[in-house]
Amino acid sequence: MKDAITEAAARQIEVALVGAPNCGKTALFNALTGSSQRVGNFSGVTVERKAGIATTPEGRRMTVIDLPGTHSLRARSLDEEVTRDVVLGQRDGEARPDFLLVVADATNLRGALRLVTELKRAGLPLMLVLNMIDIARHRGIEIDEDAMAKALGVPVVSATAVRRAGMEALWARLDEILAAGVAAPGPMQWTPPTTGELRRALHAADDVIAQTVRLPELPHTFSTRVDRVLLNPVAGPIVLLMLLFAMFQAVFAGAAPAMDLISEGFGWLGAVFAAILPAGLIESFVVDGVIGGVGSVLVFLPQILILFTFILILEDLGYMARAAFLMDRLMGGAGLHGRAFIPLLSSFACAIPGIMATRVIDDRRDRLTTILVAPLMTCSARIPVYTLIIAAFVPKTTVLGGIGLQGLVMFGLYAAGITSALAVSAVTRLLFRRGELAAPLMMDLPDYKMPQARSILLGIWQRARMFLKRAGTTIFLAMVAIWLLATFPMPPDGATGPAIEYSFAARLGHLIEPLMAPVGFGWEICMALITGMAAREVAVAGLATVYAVGGTETTGHIASALSQQWSLATALAFLAWYVFAPQCISTLAVIRREAGGPRYMWIALGYMMALAWIAAFITYNVTAFLMGAG
Amino acid sequence: MQHTAPDGTTRVLGTERKGFRGRLARIETTEGIGRLPAEEQERRLIELGFVEGAVLEVLHEGPIGRDPIAVRVGSAMVALRRSDAMAILARPD
């Protein structure tokens, strides 16, 4: 049996970071924990939980946990509830931290100082970190740390999380605190503050600022000047639109060289294996099933990463809140909250983080509507499908003086996704939410900040790793399953048609074909749609395998195979189907979890399937009619 | 159209145009105007810095219907819909 002292020494001190969104909390977390972080979820909810080990210069170790951003313990959203429950020690499966680091944006102290007064009542020992002190000093803000510490009754230290030298003072203070031993928590006295208490706390914060901070004559001139353009009623929306357009052109044109490289790499790999393996089933499995299938999905990694790069940079710049400001009225017209803009924009990358980001919307009904329409935004997994069909059927010419036609069609597909999301939400509002009062829009517009290369690269790397992991597991398994379905049973001796005609895949495809015939989908497409349920991009790989096994695909360019086999009407109907179709099991699972039950998952599945079928039906018949008439 | 509150000296922030400067006189939230209970609406405004005496300036107006507005509150900038800003009464400078 261990005695109490060694047990206490063996237990690592747990430090939690608390602070408002945009105070540089994540940058500080990265600076403290370096590469030791583990990203997971808080038990029972999809709120991201980041934890890591920090080692001080004197070699002491502590666990650091990054709590979701919050303005107060008076939680209004799921994220903020998690922070409150952890801080108050009310969260099952989550130990109460030993020590709080309250992170403040040194250029905007008021809210953080109020948060400190609130957190002091929670009873945990804490220290205030004035983060981004370099920016504050640059702006001429002078803070007397000692006086502030005295006024607040808690230790205060300045830091610049994004510079190594900026962390020295904080590390030294952490060493001091750990050496002396963290104080035992005091009594928990926190109660939700009344309006009177809130006022007093803010006035007290203002008093502390008046005594300890010297503000420059002209505050934040840079952001003010930039906003004169970016929030201008005319220039603002134009810049936003240009940004989005540039993003899609970059995704389409900028990624091409890297994609060619990956595609050639896999082609070469396939040729190598084809040469060394004996012809037959094994060769077919490795070359067509594994290399061909996984390669046809991996080739889209550059496009997905470019899209994420744009989103991460805009987020770190502080532009996203501005975009929400510009879009609020437009979104409001469609019955959406201005804050829904950020989750919807994230959904361009993937609906899963987008749906999770809806937690910033505190009104439940607004949030549910956003969750239901988020999958209509064109996620990056649709890019492979769109790219393939566009490459096969849209000529590579320029129109209107240098705009690529292919990029334009892509832009149109994105526009269709956005329009339909707004339309669905507007219809929901008209049918089910008549006479509802508007929820408020109140949000901080933070100062612009230079994005840090390190945090952007870290974010991109995390997305890349997620995609590669998917490619290595879900997509790989789906590919093996598709290959098996497309290969067995083998054709009888003396059969004349292509081998695939005899396979399970063909039978499955033929089974659904009658349902899809009105929209112009043959059994090959039906089969790709089934396999695409695992992940949208698998449909492309599915088509690749079906056509490779079917024997028409010769050069490894499935696009050319498609352009010979499909009519234009079918191709366009396929695109229309993909604008709407709920082709992703993980998204449905997240909807179920975030909406708190299966009901909304079924609603999403049903309405998207219906829209997809109708859209494909109209597209197919109108195109066929026009082609026939032309 | 600008609204002067019944007391004759304060103006309603929700109807002010870009360029308005003043100090916050008081918050008067009304039950049944928005989806939130009046007290909660008031608490949220306070949390964003809207307390008596705060220096206010309407810096930007949204592109459609001049809504929402971006307001400087002390040293921070906050976006809010005009309907939410109706609860804020300010004394012009």
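On the stretch given as region B:77-88, residues that are more than 10 Å from every other protein chain (Cβ to nearest Cβ) and either assigned to a loop (DSSP other than H, G, I, E, B) or farther than 19 Å from B:Leu36 by Cα (or both) total 1.
Applying the set (1) under 30 Å from A:Arg139 (Cα atoms); (2) within 14 Å of chain B (Cβ to nearest Cβ) to A:Pro440 leaves exactly one unmet item: (1). Consider region A:119-166 and keep the residues that are touching a Gly at 6+ places or on another chain (Cβ under 7 Å) and in a loop (DSSP other than H, G, I, E, B). The one that is nearest to A:Gly34 (Cα to Cα) is A:Ala161. Taken together, A:Phe325, A:Phe285, A:Phe266, A:Phe308 contain a single residue that is part of a helix (DSSP H, G or I), buried (at least 16 other Cβ atoms within 10 Å of the Cβ), among the aromatic types (Phe, Trp, Tyr) and touching a Lys or Arg at 6+ places or on another chain (Cβ under 9 Å), which is A:Phe308. Against the test of being more than 20 Å from the chain's Cα centre (by Cα), of a type outside the set (D, E, K, R) and not assigned by the TED database to the domain that holds A:Gly111, the options A:Ala392, A:Ala381, A:Ala415 yield a single qualifying residue, A:Ala392. Considering the conditions (1) open to solvent by less than 40 Å² (accessible area, probe 1.4 Å); (2) touching a residue at least 24 places away in the same chain (Cβ under 8 Å); (3) within 30 Å of A:Tyr319 (Cβ to Cβ), B:Thr10 is excluded by exactly one of them, (3).
Is there a residue being touching a residue at least 40 places away in the same chain (Cβ under 8 Å), of a type in the set (D, E, K, R) and within 22 Å of A:Met443 (Cα to Cα) anywhere in region A:119-127? No; the residues of region A:119-127 include none that is touching a residue at least 40 places away in the same chain (Cβ under 8 Å), of a type in the set (D, E, K, R) and within 22 Å of A:Met443 (Cα to Cα). Identify, please: which residue in region A:332-350 is of a type in the set (A, V, I, L, M) and without any contact (Cβ under 8 Å) to a residue 60 or more places away in the chain and is, among those, farthest from the other protein chains (Cβ to nearest Cβ)? Filtering region A:332-350 for residues that are of a type in the set (A, V, I, L, M) and without any contact (Cβ under 8 Å) to a residue 60 or more places away in the chain, the one farthest from the other protein chains (Cβ to nearest Cβ) comes out as A:Leu345. The residues of region A:89-124 that are touching a helix residue (DSSP H, G or I) at 6+ places or on another chain (Cβ under 8 Å), within 17 Å of A:Leu174 (Cβ to Cβ) and away from chain B (no Cβ under 14 Å), listed by number, are A:Pro97, A:Phe99, A:Leu100, A:Leu101, A:Val102, A:Val103, A:Leu124.
Table: residues versus (1) more than 30 Å from A:Ile482 (Cβ to Cβ); (2) open to solvent by 30 Å² or more (accessible area, probe 1.4 Å); (3) over 23 Å from the mean Cα position of the chain (by Cα).
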residue: A:Val229; (1), (2), (3): yes, yes, yes
residue: A:Asn232; (1), (2), (3): yes, yes, yes
residue: A:Leu240; (1), (2), (3): yes, no, no
residue: A:Met259; (1), (2), (3): no, no, no
residue: A:Tyr319; (1), (2), (3): yes, no, no
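Table: residues versus (1) farther than 27 Å from B:Arg44 by Cα; (2) among the aliphatic types (A, V, I, L, M); (3) more than 11 Å from chain B (Cβ to nearest Cβ); (4) free of Cβ contacts under 8 Å to residues at least 40 places away in the same chain.
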site	(1), (2), (3), (4)
A:Pro192	no, no, no, no
A:Phe222	yes, no, yes, no
A:Glu264	yes, no, yes, yes
A:Phe273	yes, no, yes, yes
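Could you list all residues from region A:556-577 that are more than 28 Å from A:Gly270 (Cα to Cα) and open to solvent by 50 Å² or more (accessible area, probe 1.4 Å)? A:Ser567, A:Leu568, A:Leu572 - these are the residues of region A:556-577 that are more than 28 Å from A:Gly270 (Cα to Cα) and open to solvent by 50 Å² or more (accessible area, probe 1.4 Å).
Quick one: is A:Arg339 of a type in the set (Lys, Arg), modelled with pLDDT of 85 or more and in contact with a helix residue (DSSP H, G or I) (Cβ under 6 Å, 6 or more places away or on another chain)? In short, no. Among the residues of region A:135-143, is there at least one that is open to solvent by 20 Å² or more (accessible area, probe 1.4 Å) and in contact with a His (Cβ under 7 Å, 6 or more places away or on another chain)? For region A:135-143, residues open to solvent by 20 Å² or more (accessible area, probe 1.4 Å) and in contact with a His (Cβ under 7 Å, 6 or more places away or on another chain): present.
Picking from residues in region A:430-455 that are at pLDDT 85 or above and assigned to a helix (DSSP H, G or I), the one that is surrounded by the most Cβ atoms within 10 Å (Cβ to Cβ) is A:Leu430.
The single condition among (1) assigned to a loop (DSSP other than H, G, I, E, B); (2) open to solvent by 40 Å² or more (accessible area, probe 1.4 Å) that A:Lys469 does not meet is (1). Among the residues examined, A:Ala169 does not qualify as open to solvent by less than 70 Å² (accessible area, probe 1.4 Å), within 22 Å of A:His71 (Cα to Cα) and either more than 14 Å from chain B (Cβ to nearest Cβ) or modelled with pLDDT under 90 (or both). Residues in region A:601-629 that are of a type in the set (A, V, I, L, M) and free of Cβ contacts under 8 Å to residues at least 24 places away in the same chain were compared, and the one that is nearest to A:Thr570 (Cα to Cα) is A:Val622. Within the set A:Gly196, A:Gly236, the sole residue that is open to solvent by less than 40 Å² (accessible area, probe 1.4 Å), within 14 Å of chain B (Cβ to nearest Cβ), without any contact (Cβ under 8 Å) to a residue 12 or more places away in the chain and more than 30 Å from A:Val287 (Cα to Cα) turns out to be A:Gly196.
Among the residues of region A:350-363, count how many are surrounded by fewer than 22 Cβ atoms within 10 Å (Cβ to Cβ) and either more than 21 Å from A:His71 (Cβ to Cβ) or of a type in the set (Gly, Ala, Ser) (or both). So the answer is 2. Among the conditions (1) within 14 Å of chain B (Cβ to nearest Cβ); (2) touching a Gly at 6+ places or on another chain (Cβ under 7 Å); (3) touching a residue at least 40 places away in the same chain (Cβ under 8 Å), A:Ile482 misses just one, which is (1). The residue list A:Ala274, A:Ala340, A:Ala279 contains one member that is out of contact with any Phe, Trp or Tyr (no Cβ under 9 Å at 6 or more places or on another chain), in a helix (DSSP H, G or I) and farther than 23 Å from A:Val251 by Cβ, which is A:Ala274.
Checking A:Gly59, A:Gly89 one by one, the residue that is without any contact (Cβ under 8 Å) to a residue 40 or more places away in the chain, open to solvent by 10 Å² or more (accessible area, probe 1.4 Å) and on the phi > 0 side of the Ramachandran plot is A:Gly59 and no other.
In region A:224-233, of all residues being free of Cβ contacts under 8 Å to residues at least 12 places away in the same chain, out of contact with any Gly (no Cβ under 8 Å at 6 or more places or on another chain) and within 11 Å of chain B (Cβ to nearest Cβ), the one that is nearest to B:Ile64 (Cα to Cα) corresponds to A:Asn232.
The values are calculated or read from the model by the stated rules, or taken from the named source; none is laboratory data. None of the values given here were measured: they were computed from a predicted structure. So basically every Cβ, Gly included, is an ideal-geometry build from the backbone, and we count neighbours across all protein chains shown. Only protein heavy atoms, including side chains, enter the accessible area calculation; ligands, DNA and RNA are left aside. Shrake-Rupley method; radii C 1.70, N 1.55, O 1.52, S 1.80 Å.
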